[in-house]
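These notes concern the structure reproduced below.
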Amino acid sequence: MPLVAHTNLPTFQRLREEGEEIVDPERASHQDIREIHIGLLNMMPDAALEATERQFFRLVGACNQIVQFHVHPFTVEGLSRSPQAQAHIDQYYEPFEKIKRDGLDALIISGANVTHPSLPEEAFWQPLTEVFSWAMENVTSILCSCLATHAIIQYRYGIARTRLPAKRWGVFSHKVTDRTHPLVAEINTRFDVPHSRFNEIFQRDMERHGLKILAASKEAGVHLAVSEDGFRIIFFQGHPEYDDISLLKEYKREVMRFYRAEIADYPPFPENYFNDTAQRIFAGYEQHVRTTRQTGEKLLEFPENQVLEHLDNTWRDTAKAVFNNWIGKIYQLTNQDRRLPFMEGIDPNNPLGL
């Protein structure tokens, strides 16, 4: 079954309004269907906090329709929060101590903004590694997104990410590199994924430490990889959870930063994202922004509404398929008691028997 609204988290109502099927707890309690409990460690900054909830909840809710999904958002110390964001967390998120006590079948770890050149210097590093260490002992599988991928790979394998010459930003084509792995079963052999990052962990370094590469791009590098056991840790360098407008919102943010003189250069377009019509609209707006900075005239509204019909989502179906494969394997492997990671007879060092 779809997501169960087991709390009053506003994301559930937003998803209902988008047409997603959300089951209330009363109805769920009368269904003879197994529950899967998934943690969402949300480390994203305030502006993206609730959008990240919706994006990952939506992907989970699109998975196996004979399961009730309970998603448990939580966060860690060391992340700067506004009073409004902290109030949202205090009201709707669960403490990690409760997560540990109740258990999880799976865990998703989001990206985060960084303020230091080295990840271990970040204030959230120690709390994040504590969550990860607990999950490796108690959770069937951990899915890491973007910054979380870089942090966990550095923590577990000692591979520090490399700063790229320019931001890897846009929508890129990828190819499946191992068609035999269950995570990529029945998905397109070529598919798109959005990327948005300044850093990368390269395929050669991953493979040298035993990680298995499942999908990569000539332009954007590795997107999907798994730990040496094949399943305990799933690594995304891209953002398959992104909405069709996510890169648009990032572009708008960078344009406004240029207008306020917070950055020196006007942002380039995200690659392979805006069509010719959208590019013409935004090229005209760039001239307007540059002029208003010089003259002090009033800045016109960013023309995002003019380009919405020109944005295409070319990655959602594949993202849903990968998530469905991931959840399907968790369903087959995890113990009915969510405080235990595997049913009897499963080898945690080779849970898929590959």
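Residue farthest toward the positive end of the dipole of the chain, with Cβ of Lys/Arg at +1 and Asp/Glu at -1: which of Gly238, Pro25, Ile201?
Of the listed residues, the answer is Ile201.
Considering only C-alpha atoms, what is the centroid distance from region 1-27 to region 223-284, in Å?
That distance is 28 Å.
Restricting to Cα atoms and excluding each atom paired with itself, what does the Kirkwood estimate give for the chain in Å?
Details: mean 1/r = 0.0468 Å⁻¹.
Across the chain, the inverse of the average 1/r is 21.3 Å.
What does the charge count around Glu200 come to, taking other residues whose C-beta lies under 9 Å from its C-beta (Lys +1, Arg +1, Asp -1, Glu -1)?
+4
With all distinct Cα pairs included, what does the Kirkwood hydrodynamic radius of region 246-310 come out to in Å, to one decimal, could you say?
For region 246-310, the Kirkwood estimate is 12.2 Å.
Take the Cα radius of gyration of region 43-141 and divide it by 2.2 N^0.38 Å, with N its residue count; two decimals is plenty.
Normalised Rg, Cα atoms only: 1.12.
Suppose only helical runs count, i.e. DSSP H with n ≥ 4. What mean residue ellipticity at 222 nm does that imply for the chain under -39500 (n - 2.57) per run, divided by all residues and rounded to the nearest 500 deg cm²/dmol?
Helix-only estimate at 222 nm: -11000 deg cm²/dmol.
Each reported figure results from applying straightforward, stated rules to the coordinates on display, with no laboratory input. Here the structure is a predicted model, which means the values were calculated and not measured. Heads up, the Cβs are rebuilt from the backbone with ideal geometry, glycines too, and the neighbour counts pull from every protein chain shown.
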